[in-house]
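Quick note: the coordinates plus some simple rules give every number you see, no bench work behind them. Just so it is clear, the structure is predicted and the values come from calculations on it, not from any experiment. Note that we place each Cβ from the backbone using ideal geometry, even for glycine, and neighbour counts take in every protein chain shown.
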C-alpha cells in the first residue's frame, strides 16, 4: 500500500506540473494586455512598457515559462497586480476562511447525507424513501446562489439569529493567529463566544454549499446500501442471528461507504475553488472571492496561483481517498499491491 501511495503521489505531482503549465499557457494567450489592464486606460505607453518589462512580458514565451516554473519550485507565485503583494501572501491570508467554510460544509454533508441515505435504504420504496428522494433531488438541482439568497431572506431576516455577512461579528475582538481557523483558535484560546459566533456565521453559507452534495451523497449511499444488502455475507450474518443494527452499521455501511467517501473527497477539493458565488453572496473573505476579483482584473499571477491551490487540494484529496479506501476495503489494498 505504501508503494502504491508513493506511485500515486508521483503521478499526481506530474498532473500538478501539467496543470501549472496549462494554466500558464492559457493565461498568456487570453486577449488583452495585463499591464494595460493593471494601469488603466489613462496610462502612457511608457508606463505600460515599463510594467511589461517588470512583469517579464517582453521575454520570449519559453523564458517566461522557465522563470515561472523556477519561482514555483521555490514557492514564489509572483506579485499580484491587484494588491501589489506577493500572491502567496494573499492566498495564505484568504485560504483559512475558505478552508474553514469547506470543512464545516463537509462535516454537515457527512452528518446529514449518510444517515439519511441509510434510512432511505432501510425503508426503501416506502413513503419515507420517497420523501427523502424528493428532498435529495431538490438539493441537487437547486443552484447554490439561489439557496444562499433564500437562506439570507428566511433564516437571517425573518428569524434574525444567523448573520448574513463576514466571518465574525465586528464587536468581537479576536485574532486567529494560530491556525487562522476561528473555530480551532477560539477553542484553543478558551474563547467560546468566538466559537459560537463563528458557527452562526458559518451555518448559512455552509448549508448553501452543502445542499447539492447532501442530495448526491444521500442517493449514492442509498444505492450502495441496497446493493450490499443482497450480498451473501450479509444474508449469512443475519442467519447467524447477528442483530440487525450491527449488520447494518458495522457490515453493510462499512462496505457501502466506499462510494460516498470517494464523492465526499472530491467534493471537498472542488468546494475550494467552487465556493466563489456563495462567498460573494455572504461577503466571505475567502480564496474563491479573491480569485474572482483577480480574474476580473486579469491579474495573471494571482489567477494562476488560485488555480494551482485548487489543484493541490484535488491532489491531496485523491491521496487521502486512496488511503481511506485501503483502510475500509481490504480489496483495494490487494488491488493496489497487485498493480504495484
For the chain, alpha-carbon Rg over 2.2 N^0.38 Å: 1.18
Cα-based helix-to-principal-axis angle, 192-229 vs the chain, degrees rounded to 10: 50 degrees
Extension gain (nm, one decimal) between residue 188 and residue 165, 0.36 nm per residue minus Cα-Cα: 5.8 nm
FRET efficiency estimate (nearest 0.05) - Cβ-Cβ, residue 107 to residue 60, R0 56 angstrom: 0.70
Quotient of C-alpha Rg and 2.2 N^0.38 Å, computed over region 1-106: 1.37
Counting all C-alpha pairs of region 69-156, share separated by more than 20 Å (%): 62 percent
Kirkwood estimate for region 184-324, i.e. one over the average of 1/r between Cα atoms, Å: 18.3 Å
Scattering curve values for region 112-176, log₁₀ I(q)/I(0), Debye with Cα scatterers, q = 0.16, 0.17, 0.20, 0.26 Å⁻¹: -0.75, -0.79, -0.88, -1.03
Mean ellipticity per residue at 222 nm, deg cm²/dmol - from DSSP H runs of n ≥ 4 across the chain, formula -39500 (n - 2.57): -24000 deg cm²/dmol
Linear extension gain, residue 259 paired with residue 235, 0.36 nm per residue minus alpha-carbon span: 6.5 nm
Nearest-0.05 FRET efficiency for residue 158 and residue 196, computed from C-beta distance (R0 25 Å): 0.75
Calculated FRET value between residue 84 and residue 49, using beta carbons and R₀ = 22 Å, to 0.05: 0.70
Inter-probe distance in nm under a simple model that places probes 7 Å from Cα toward Cβ, at residue 126 and residue 25: 5.6 nm
Spacing of the two label points (7 Å from each Cα toward its C-beta) at residue 10 and residue 295, in nm: 3.6 nm
